[in-house]
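Below is one structure, written out as structure tokens; comments come after it.
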Amino acid sequence: MPGKFFLYQYQEGDVITMKKKHPCGSKEWTAIRVGGEVKLRCRGCGREMEMDRPTLEKSTVKVDRTGEQ
């Protein structure tokens, strides 16, 4: 979006570490689809969810680009 500042440039296959744990105990998610909303898959249990970009930006601790490509 023009005029918006994004801290992270998410790409498909990135491993995203979140601040809070998923109920399965994992903090790591894999980005499956990137756009206005980002589709994520939990690396612990395989559960999938979609999150809008501003919420994801606030929840992200780090992004590892060496994830599954």
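Every number in this text was worked out from the coordinates using simple rules, so none of it is lab data. On a predicted model such as this, the values are computed, not experimentally measured, just so you know.
Shown in residue order for region 21-34 are the 3J(HN,Hα) couplings computed by the Karplus curve 6.51 cos²θ - 1.76 cosθ + 1.60 at θ = phi - 60°: 7, 6, x, 6, x, 8, 9, 9, 10, 9, 6, 9, 9, 10 Hz (x for Gly and Pro).
Work out how much length Arg33 to Asp64 would gain on full extension: take 0.36 nm times their residue separation and subtract the Cα-Cα distance, in nm to one decimal. Show your work: numbers first, answer last.
Details: separation 31, 0.36 × 31 = 11.16 nm, distance 1.56 nm.
The span from Arg33 to Asp64 would gain 9.6 nm if fully extended.
Per the Cα gyration tensor, the chain maps to an equivalent ellipsoid with semi-axes of 19, 13, 11 Å, ordered largest to smallest.
Along region 54-65 the Karplus relation, 6.51 cos²θ - 1.76 cosθ + 1.60 evaluated at θ = phi - 60°, assigns HN-Hα couplings of x, 5, 5, 4, 5, 8, 7, 9, 7, 10, 9, 7 Hz to successive residues, with x for each Gly and Pro.
Subtracting the Cα-Cα distance of Tyr8 and Glu50 from their residue separation scaled by 0.36 nm leaves 13.5 nm. Using C-alpha pairs below 8 Å separated by at least 6 residues, the relative contact order for region 15-64 is 38 percent.
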